[in-house]
Amino acid sequence: MSNIAKAFKNGKAFIPFITCGDPDLATTAAAVREAVKNGADLIELGIPFSDPTAEGPVIQGANLRALSGGVNTDMIFSFVRGLRTDVTVPMVFMTYANVVFSYGSEKFISTCAEIGIDGLILPDIPYEEKEEFLPLCHRYGVDLISLIAPTSENRVGMIAKDAEGFIYLVSSLGVTGERSKINTDLTAIVKTIRENTSVPCAIGFGISTPEQAKQMASLSDGAIVGSAIVRLLEKHGKDAPKYIGEYVKSMKDAIRDL
């Protein structure tokens, strides 16, 4: 069984996203530990990239701040090794295909396995092209996380059948970022997913309030939040971990009894 399944075994999962190195890796480490202490079930770590096409302005800004601070993939691997001395919840990387290719796909994925990264999310790799990475992910025991979007339509069942780890269900069209309202009919998509797989499904993009987290987690197996957390890092810098801990607690409390 995938290690990621642990995140969903005690009810609805809360999954925060944090960009590695914004404003520095020491702050990222403190933010991760505060998130876990306050109820995060799985951590999604962003490896910064110069052209993050799935991201809105908030996370784009975090990528640029991290890169301008000199963060690179080797530094992030070393940072995760340090985290794994005491952080036991599942962790996944979210990055772009070019980051993996330029590092060397086998070297990248084998290192993920060695340092305790449980899964990989590559939003710019469509389902039809995942074979470029899937055999290596299987060889080293790293789950390649599938994304399903409102535009997936008649491909939802097909993507769900092959899914591993968890399914990242994109709540709405466009890039990441907080939204005042999520209007997509996610119930029908989740129903199709459930008919085709037992792999858990968590909803992300646009979630920023406890009420939204509760609404999305009630439809699925968990809620993913990125921009709202990255905004705290942008606002508070090195002091952000304390605020992130408080925020994660409020989100986890909202979904705890579903």
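Size descriptor for segment 15-69, Kirkwood hydrodynamic radius: 11.4 Å (Cα pairs only, one decimal). Packing, as the average of other Cβ atoms within 10 Å across residues, places the peptides 142-153, 127-138 in the order 142-153, 127-138, highest first. log₁₀ I(q)/I(0) of the chain at q = 0.08, 0.09, 0.10 Å⁻¹, via Debye over equal Cα point scatterers, no solvent, to two decimals? Here log10 of I(q) over I(0) equals -0.26, -0.34, -0.42. Each peptide in 216-225, 248-257 was scored by the mean count of other Cβ atoms within 10 Å over its residues; highest first, the order is 216-225, 248-257. When peptides 67-79, 38-50 are sorted by average Cβ neighbour count within 10 Å, with the highest value leading, the order is 38-50, 67-79. Projecting the Cα atoms of Val156, Ile43, His236 onto the charge dipole of the chain, computed from C-beta unit charges around the Cα centre, puts His236 farthest toward the positive end. For the set Lys107/Lys161; Lys214/Lys252; Lys12/Lys130, the pairs lying more than 18 angstrom apart at their alpha carbons are Lys107/Lys161; Lys12/Lys130. Taking the Cα centre of segment 3-255 as origin and assigning +1 to Lys and Arg Cβ atoms and -1 to Asp and Glu Cβ atoms, the resulting dipole is close to 740 debye. For segment 1-93, trypsin sites (Lys or Arg not before Pro) meeting the loop criterion (DSSP other than H, G, I, E, B) and having at most 14 other Cβ atoms within 10 Å: Lys9, Arg84.
Within the same chain, aspartates and glutamates fewer than 8 places from Lys235 are excluded, and of the rest, those with a Cα less than 16 Å from its Cα are Asp22, Asp24, Glu178, Glu246. For the chain, averaging the sequence separation of C-alpha pairs within contact (under 8 Å, six or more residues apart) and dividing by the residue count gives a relative contact order of 26 percent. Gyration tensor over the Cα atoms of segment 100-149: the corresponding equivalent ellipsoid has semi-axes (square roots of 5 times the eigenvalues, largest first) of 17, 12, 9 Å.
Entry note, the chain: the mean residue ellipticity at 222 nm calculated from DSSP H runs of n ≥ 4, each adding -39500 (n - 2.57), is -13000 deg cm²/dmol after division by the residues and rounding to the nearest 500.
No value in this document is a laboratory result; all are computed from the given coordinates. This one's a predicted model, so the numbers in the text were calculated from it and none came from an experiment. Heads up, the Cβs are rebuilt from the backbone with ideal geometry, glycines too, and the neighbour counts pull from every protein chain shown.
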